[in-house]
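Single-structure report; data block below.
The values are calculated or read from the model by the stated rules, or taken from the named source; none is laboratory data. Everything numeric here is computed off the predicted structure, so don't read it as measured data. Here the Cβ positions follow ideal geometry from the backbone for every residue, glycine too, while neighbour counts run over all protein chains shown. Just so you know, the surface numbers come from the protein's heavy atoms only, side chains and all, with ligands and any DNA or RNA stripped out. Shrake-Rupley method; radii C 1.70, N 1.55, O 1.52, S 1.80 Å.
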Number of protein chains: 2
Amino acid sequence: MLAKYKNEYVLSIFMEEEKNIYDVIIVGAGPAGLTSALFSVRDGLKTLVVARTLGGTANSILKLENWPGYKGTGIELMKNFYEQLKSYPIEVIVDDVQSVEKKGEGFVIKTSSKEFGTKTLILATGTKRENKIPGEEKFVGKGVSYCATCDAFFFKDKTIAIVVWEDSSAEEIITLANLAQKVYVVCDKKFKAKRELKKVKKKIEIMNNSVLTEIKGEDKVQGLMIKDRKGEKEINVDGVFIVIGATPITEFAKKLKLKMNKENFIVVNEGMETSVKGIFAAGDVINSTIKGVLTSSAQGAIAAKNAEEFLQ
Amino acid sequence: MLAKYKNEYVLSIFMEEEKNIYDVIIVGAGPAGLTSALFSVRDGLKTLVVARTLGGTANSILKLENWPGYKGTGIELMKNFYEQLKSYPIEVIVDDVQSVEKKGEGFVIKTSSKEFGTKTLILATGTKRENKIPGEEKFVGKGVSYCATCDAFFFKDKTIAIVVWEDSSAEEIITLANLAQKVYVVCDKKFKAKRELKKVKKKIEIMNNSVLTEIKGEDKVQGLMIKDRKGEKEINVDGVFIVIGATPITEFAKKLKLKMNKENFIVVNEGMETSVKGIFAAGDVINSTIKGVLTSSAQGAIAAKNAEEFLQ
């Protein structure tokens, strides 16, 4: 994906020797990062975006229908975000951030090639899925989804599975069960949030102590291999939602001693302020119960407005 | 504007006699209302939108550049929102809501022609500006703006005025002052938030006990008539931000005894819940410090998600 981007976009890669000082540096260039950049630069702040890829995980959405006024792919929308941003005096660097340190009143960011100083920082680093399941990559957007809020509608009256933690995801399961004909709930331990699912219990089948081992199909998802204590079996489904295993990218956050929740998502208040003054966070990396392109984008806008206010 | 819309859109106007019961009725069809409708219907809720106009005050934005990935007019974007919504099984009625009453576990909405029942309600009624100033209507989007967050960027290095309450709007003034060459702050009493403006004081001129009486210009705003205790004078400006006088449309909210702040904006929590169970609110009508199409839209999404959760 990165390679494709590198050809498509003309990036402003700044390699000068002198140390640049910014009003705000944004790490990450998904919906939250690109929107916070738009709002920052429009407020007249000297803004730099550093990101490993442009578009973030939104690039993997093949059919995005809950961004108001838009129908298309995630990657197309992210291109639109980026094209709009390019019309402003902003710098965007595709590079790895290697460290972030507090220094005096601000922060120093080191990438693989350069150092930058900034007065405020917006972390919009998102999440990554490690340890992908066989077949997962092949079927992303073709039956494999990571976001019930985004994609539930595509599985109206279908049979689907959702792979969850033992004690959360009840909201997602209800959303899916309201639309789908049947929902398998696949949990590697004993699923605990059963009581909350009372109203939809006729539609769900809970599979405890079960692990998804493979996603099967030809052009799209048709079946799942599920392993439990008795052995392995195949179930027929039209899609699978994988809610677990998306870990927030918070290496810098840990070193900066930001407050995080037990799953390592960054804790922010309503204004997207973290526990360290001058550092804001937005998007999938924060402890928000509602995920998705729209809410991430709005969080980016709020982070930028409050970074601007902090600079006063 | 309404007449124009009525020709442009094919509306589903339902005039059957039987009483319809919905999962959610949304009052208002601006960014917040249309987005909450999109998220509701995609979650499988039986959804009705009742609104006086489609698009709301966003229709008056002639140059919308802080909706990520989009450049165009507000009315075009609102049309995109509506076109997308029409692809779902949703009902939209352009009509006046005459009353909203709590009845049993739900609510009854009366429009000028019909009654509807609903289990949950999302109020996205927005604001209206009464008592417009001579010239105001003519120059909307041509120098007259109601939103510093949205339009500040268009006045980079220009001279502008902002018409404010005595004790708020400091944030907007700072945003404008950071970009503009000069900002007149026009206040009908003695402006109190002076201390917060310390860092930008060189750029601002406060005009106390002053009232904007007329907006002048040919194709765009060129000057303002300002009346103070000594008489009336003209100042040269390239634009004027009118922050005061946009009152929330909360007649129903009052009757439903929703908690409101002193300016009559509806008080909501993070989840867009009002003080009455089953009623949510989003967009310009709520007590949010950050205004704009994007944040209103995200609030609509959050209201819809929480209305769905409430229904469980």
Taking the Cα centroid of the stretch B:209-265 and of the stretch B:44-100, what is the distance between the two, rounded to the nearest whole Å? 25
Give me the number: length gained by fully extending A:Asn20 to A:Gln312, i.e. 0.36 nm times residue separation minus the C-alpha to C-alpha distance, one decimal in nm. 103.1 nm
Pop a pseudo-label 7 angstrom from the Cα along the beta-carbon direction at both A:Arg195 and B:Lys189 and give the gap in nm to one decimal. 5.1
Only Lys, Arg (+1) and Asp, Glu (-1) charged, at Cβ; the stretch B:132-242 dipole about Cα centre in debye: 560
By the rule of no other cysteine beta carbon under 4.7 Å, the lone cysteines of the protein assembly as shown are A:Cys187, B:Cys187
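Counting pairs of alpha carbon atoms under 8 Å apart in space and at least six apart in sequence, what relative contact order in percent does the stretch A:65-180 give?
Answer for the stretch A:65-180 is 14 percent.
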Can you say what percent of the DSSP beta bridges in the stretch B:132-242, counting only those with both residues inside, are antiparallel? Round to 5. 40
Compute the semi-axes of the equivalent ellipsoid of the stretch B:151-202, taking the square root of 5 times each eigenvalue of the Cα gyration tensor, and list them largest first in whole Å. 18, 11, 9
With point charges of +1 on the Cβ of Lys and Arg and -1 on the Cβ of Asp and Glu, referenced to the Cα centre of chain B, which listed residue (B:Phe310, B:Tyr146, B:Leu121) lies farthest in the positive direction of the dipole? B:Tyr146
Over all alpha-carbon pairs in chain A, figure out the percentage whose distance exceeds 25 Å. 51
Candidate lysines - alpha carbon under 17 Å from A:Lys277, same-chain residues fewer than 8 apart omitted: A:Lys102, A:Lys103, A:Lys119, A:Lys254, A:Lys255, A:Lys257, A:Lys259, A:Lys305
How far is it, in nm, from the label point at A:Asn131 to the one at A:Lys257 when both lie 7 Å from their Cα along the line to the Cβ? 3.1
Where does each of A:Tyr184, B:Tyr82 land when they are ordered by accessible area, with a 1.4 Å probe and the largest first? A:Tyr184, B:Tyr82
For the stretch A:56-73, list whatever residues lose no less than 40 Å² of accessible surface once every protein chain is in place, relative to that chain by itself, with the probe at 1.4 Å. A:Glu65, A:Asn66, A:Trp67, A:Pro68, A:Gly69, A:Lys71
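Per residue, what accessible area does the protein assembly as shown have, given a 1.4 Å probe and all protein chains present, in Å²?
44
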Residue of chain B nearest the B-to-A rotation axis [by Cβ], rounded angstrom distance: B:Ala298, 2
Distance in nm between A:Lys103 and B:Asp167 label points, each 7 Å along Cα→Cβ, equals 4.4
Could you work out the local net charge near A:Pro248, counting Lys and Arg as +1, Asp and Glu as -1, over the other residues with Cβ closer than 15 Å to its Cβ? +4
Förster radius 51 Å - calculated FRET efficiency between A:Thr213 and A:Lys71 (Cβ-Cβ, nearest 0.05): 0.90
Quick one: work out the % antiparallel among DSSP beta bridges in chain A, nearest 5. 45
Counting pairs of alpha carbon atoms under 8 Å apart in space and at least six apart in sequence, what relative contact order in percent does chain B give? 21
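Within chain A, what's the longest run with no GluC sites (Glu not before Pro) in a DSSP loop and at most 13 other beta-carbon atoms within 10 Å? Give the range, please.
After excluding every exposed loop site, the longest remaining stretch is A:131-217.
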Treating the point 7 Å from Cα along Cα-beta-carbon as the label, what are the nm separations from B:Lys156 to the other copies, to one decimal? 4.5
Rg/Rh for the protein assembly as shown: what does it come to with C-alpha atoms and Rh from Kirkwood? 0.98
Charge dipole (debye, nearest 20) of chain B; +1 at Cβ of Lys and Arg, -1 at Cβ of Asp and Glu: 1140
When the helix-only estimate is applied to chain B (DSSP H runs of n ≥ 4, each -39,500 (n - 2.57), divided by the residue count), what is the mean residue ellipticity at 222 nm, nearest 500 deg cm²/dmol? -6500 deg cm²/dmol
Taking the label point 7 Å from Cα in the Cβ direction, how far apart in nm is B:Lys198 from each other copy of itself, listed shortest first? 5.6
Cα-centre dipole for the protein assembly as shown with unit charges at Cβ (Lys and Arg positive, Asp and Glu negative), debye to 20: 1080
May I ask which residue of B:Ile90, A:Asn208, B:Ser297 lies farthest towards the positive end of the charge dipole of the protein assembly as shown, with charges of +1 (Lys, Arg) and -1 (Asp, Glu) on Cβ and the Cα centre as origin? A:Asn208
Considering the options A:Phe107, A:Gly72, A:Ile21, tell which one lies farthest towards the positive end of the dipole of chain A, charges being +1 on Lys and Arg and -1 on Asp and Glu at the Cβ, about the Cα centre. A:Gly72
Taking the Cα centre of each part, how many Å lie between the stretch B:166-194 and the stretch B:285-312? 28
Restricting to Cα atoms and excluding each atom paired with itself, what does the Kirkwood estimate give for the stretch B:86-145 in Å? 15.0
Where both partners of a DSSP beta bridge lie in the protein assembly as shown, what percent of those bridges are antiparallel, to the nearest 5? 45
Mind checking Rg over Rh on the stretch B:176-312, alpha carbons, Kirkwood formula for Rh? 1.09
Pairwise burial A:B, computed as accessible area of each alone minus the pair, summed, 1.4 Å, Å²: 3900
In units of 2.2 N^0.38 Å, what is the alpha-carbon radius of gyration of the stretch A:132-242? 0.96
